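No lab work stands behind these numbers, since they all come straight from the coordinates. Fair warning: this is a prediction, and the values are worked out from it, not measured in the lab.
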Amino acid sequence: MGERMGSCRPDAVDKGGTGLVPGTRGADAAGTGWNADLPDDVEPHHAHRIVDCGGYLLDVREPDEWRAGHAPQARHLPLGRLDPEKVPSDVAVVVVCRSGGRSARAAELLRGAGVSVTNLSGGMLAWAEAGLPVLTDDGAPGRVE
């Protein structure tokens, strides 16, 4: 979850609608360092940028889907066990599932609890199709089921 792309400056202009851009960290009114006005949905490369700037990638798929393959930076919490108290509220959160439906529901629930959250449009299917890494827990190449 660290800032892998260098410093994230709060003064940068976001051209991609992500709330963050590579090398930047958007500031919010509360001073947490995160833009609370994230779009409802982001494309895979925008989600990747948010995570690279220290965001939290939350995978709400079922355990068998997770075991088959997930984004390396993701944390797993199935939708059926989602509790906003278990999700950080001091960073931007990107929620992902297989195709975007379950994660959209999760994002809505989290947004209602005050979490700065966005949904990964197209889910892990879109993530993998965009050429972003999918791995198993042991670091082997994974797949999206």
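Fully extended, how many nm does the chain gain between Glu108 and Leu132 (0.36 nm per residue separation, minus their Cα-Cα distance)?
6.1 nm
Based on the alpha carbons, how large is the Rg to Rh ratio for the stretch 59-115 when Rh follows Kirkwood?
Computed over Cα atoms, the ratio is 0.93.
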